[in-house]
Amino acid sequence: MRSALLALIGLLAAPLAGSLLIGLDRILTARLQSRIGPPVLQPIFDVVKLFGKERVVVNAWQAFCAYAYLAAVAVAVVFFFIRSDLLVIFLIQAVGTVFIVVGALASASPFSQVGGYRELLQSLACEPLLVLVIAGIYLETGSFAITAVDRWPQPLMVRLPLLFICLLFVMAVKLRKSPFDFAACRHAHQELVGGVLTDYSGPFLALIEVGHWFETVLMLGICSLFWAGNWAAMLALAGAAYLAVVWLDNVTARMNWRLLFGYAWLLGLPLALINLFWLYRG
Amino acid sequence: MRIWAKFIGYARFKSPWLLHFDCGSCNGCDIEILACLTPVYDLERFGIVNVGNPLHADVLLVSGTVNHRNRIVLANLFNQMPAPKVVVAIGACGLSGGIFRGAYNVVGGIDRVVPVDVYVPGCPPRPEAIIDGVRLGLEKLRTGGVTLDSKDGPIGATEENHPCSRTN
């Protein structure tokens, strides 16, 4: 009963929280550029408007992929809220990423294709890091279950600081923030149009946008695990992580995929491995 | 159901995404359009985002005269935008052909090819006038009954239904 209630909260509250966070992000970004910026409910207006538009699809696959992506990330968030297994959550959200790629490659548009390949490269670069973060949590707590993290007496942050940096890196990629926003980006319409989102329109674009809200909450949720047990500290940690990513988005330019690989595999992987080795020895 | 429809209308009003097409303008109007997106005028406070993709756009801003080459591009962009959508013609050339009106290669204003909802005169119009024009278009967008649905078939893309081929 309790987990059903938690699942319901996850399904309803997570997209709402995600949309408000993205609205705040847009206001903050505007203020950093000395603009006033849109209202905080802007992402909700965008999505409602998109749901009210005419349905245009390239092919049935594309529409299917939008639904599958939303379903995958929503299920991942529900599993997170019922404090399930971290590995399962990781695999389910990876399914969502795969459907984004398949949906992009299902259309013949070169922009969509390029976006699809870049999305694949992104997941190739950052998903090993996410697995290592989860492995680190396992080494520390002895379990993949989030309930074990909740019960752990000491914040994970104390023993996993380098893995937290890796997680921030993964978050910047997953939230499509500069400098890693080369698979889909609102601001890159000169070079990329919409990347993986190029050929989505109307209600199907709205589904992907809602999926992105879920993904934002999921990534922040995983961040908050690093100070599990104390609600205020969890919220503060997730908020600080989000601010850091928004700040990074505003102070950096878009880079290419080679640099992403350079950072992910030459900087991120060693950091993660050092932290894992330290955990293993200690 | 009525409340939901009203909410969608309000959301349309609050979140218009622009597609800007330079139909052979001298760039005077285009610079003024881009000025609207800068911190001074900040169109994003109305929820307006400049998207480079007709599939995502609600408002088509067109500047410059239409000629025989780019009228196909213009019609194509218009037809690719999912309904509901509005078209805003910017500047003297976009309205009527401007000083190029009589030239042999010029078709005329935007409305010879696609249905125009709002005309913003000026050479070039001030950013304030452009913002005003877009807001006027949004009022039409809110009520929904604006321009044609794509079910009514494409516009102006073929030779037969093009106004030019009929009048000559």
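The values are calculated or read from the model by the stated rules, or taken from the named source; none is laboratory data. Predicted, not measured: the structure shown is a model, and the values here were computed from it. Using ideal geometry, Cβ is built from the backbone for each residue, glycine included, and neighbour counts are taken over all protein chains shown. Ligands, DNA and RNA are excluded from the accessible area calculation, which covers all protein heavy atoms including side chains. Shrake-Rupley method; radii C 1.70, N 1.55, O 1.52, S 1.80 Å.
Return the residues of segment A:55-107 that are open to solvent by 10 Å² or more (accessible area, probe 1.4 Å) and of a type in the set (F, W, Y); say none if nothing qualifies. Those that are open to solvent by 10 Å² or more (accessible area, probe 1.4 Å) and of a type in the set (F, W, Y): A:W61, A:F64, A:Y67, A:F79, A:F80, A:F81, A:F90, A:F99.
Applying the set (1) assigned to a helix (DSSP H, G or I); (2) open to solvent by 30 Å² or more (accessible area, probe 1.4 Å); (3) within 14 Å of chain B (Cβ to nearest Cβ) to A:V40 leaves exactly one unmet item: (1). Among the residues of segment A:159-190, those identified as modelled with pLDDT of 85 or more, assigned to a loop (DSSP other than H, G, I, E, B) and among the aliphatic types (A, V, I, L, M) are A:L160, A:L175.
Does A:N256 count as under 18 Å from the mean Cα position of the chain (by Cα) and over 26 Å from A:A76 (Cα atoms)? No, not satisfied. Residues of segment B:1-23 that are surrounded by fewer than 18 Cβ atoms within 10 Å (Cβ to Cβ) and within 15 Å of the chain's Cα centre (by Cα): B:D22 alone.
Candidates A:D25, A:D46: the one that is acidic (D, E) and in contact with a Ser or Thr (Cβ under 8 Å, 6 or more places away or on another chain) is A:D46.
Taking the criterion of being part of a helix (DSSP H, G or I) and within 12 Å of chain B (Cβ to nearest Cβ), the residues of segment A:19-33 that qualify are A:G23, A:R26, A:I27, A:T29, A:A30, A:R31, A:L32. Can you find, within segment A:25-37, the residue that is most open to solvent (accessible area, probe 1.4 Å) among those that are among the charged types (D, E, K, R) and without any contact (Cβ under 8 Å) to a residue 60 or more places away in the chain? This residue is A:R31.
Here is a yes/no grid of residues against (1) surrounded by 17 or more Cβ atoms within 10 Å (Cβ to Cβ); (2) modelled with pLDDT under 90:
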residue: B:S63; (1), (2): yes, no
residue: B:I90; (1), (2): yes, no
residue: B:I99; (1), (2): no, yes
residue: B:A103; (1), (2): no, yes
residue: B:I130; (1), (2): yes, no
residue: B:T143; (1), (2): no, yes
residue: B:V146; (1), (2): yes, yes
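Of a type in the set (S, T, Y) and surrounded by fewer than 19 Cβ atoms within 10 Å (Cβ to Cβ): does that describe A:Y200? Spelling it out, it is not the case that A:Y200 is of a type in the set (S, T, Y) and surrounded by fewer than 19 Cβ atoms within 10 Å (Cβ to Cβ).
The criterion of at least 1 residues that are without any contact (Cβ under 8 Å) to a residue 40 or more places away in the chain and within 14 Å of chain A (Cβ to nearest Cβ) is met by the following helices (runs of 4 or more DSSP H) wholly inside segment B:3-122: B:28-35, B:70-80. Annotation: A:A253 fulfils all but one of (1) surrounded by 15 or more Cβ atoms within 10 Å (Cβ to Cβ); (2) in a loop (DSSP other than H, G, I, E, B); (3) more than 14 Å from every other protein chain (Cβ to nearest Cβ); the unmet one is (1). Residues that are touching a Cys at 6+ places or on another chain (Cβ under 9 Å), within 14 Å of chain B (Cβ to nearest Cβ) and open to solvent by less than 10 Å² (accessible area, probe 1.4 Å) occur in segment A:184-192; there is at least one.
Filter segment A:238-266 down to the residues that are touching a residue at least 60 places away in the same chain (Cβ under 8 Å), farther than 19 Å from A:I22 by Cβ and among the aliphatic types (A, V, I, L, M) and list them by number. A:A253, A:M255, A:L259, A:L260, A:A264 - these are the residues of segment A:238-266 that are touching a residue at least 60 places away in the same chain (Cβ under 8 Å), farther than 19 Å from A:I22 by Cβ and among the aliphatic types (A, V, I, L, M).
Restricting to segment B:24-58, name every residue that is open to solvent by 50 Å² or more (accessible area, probe 1.4 Å) and touching a His at 6+ places or on another chain (Cβ under 6 Å). Residues satisfying the conditions do not exist here. If you go through segment A:147-175 one residue at a time, how many are open to solvent by less than 50 Å² (accessible area, probe 1.4 Å), more than 15 Å from A:L129 (Cβ to Cβ) and touching a residue at least 12 places away in the same chain (Cβ under 8 Å)? Residues meeting the conditions: 4. Might you let me know whether segment A:200-220 holds any residue that is out of contact with any strand residue (DSSP E or B) (no Cβ under 7 Å at 6 or more places or on another chain) and in a loop (DSSP other than H, G, I, E, B)? Scanning segment A:200-220, I find at least one residue that is out of contact with any strand residue (DSSP E or B) (no Cβ under 7 Å at 6 or more places or on another chain) and in a loop (DSSP other than H, G, I, E, B), so the answer is yes.
Would you check if A:L279 is open to solvent by 50 Å² or more (accessible area, probe 1.4 Å) and either part of a helix (DSSP H, G or I) or modelled with pLDDT of 90 or more (or both)? In short, no. When you scan segment A:113-138, how many residues do you find that are over 30 Å from A:I274 (Cα atoms), surrounded by 22 or more Cβ atoms within 10 Å (Cβ to Cβ) and at pLDDT 90 or above? Number of matching residues: 1.
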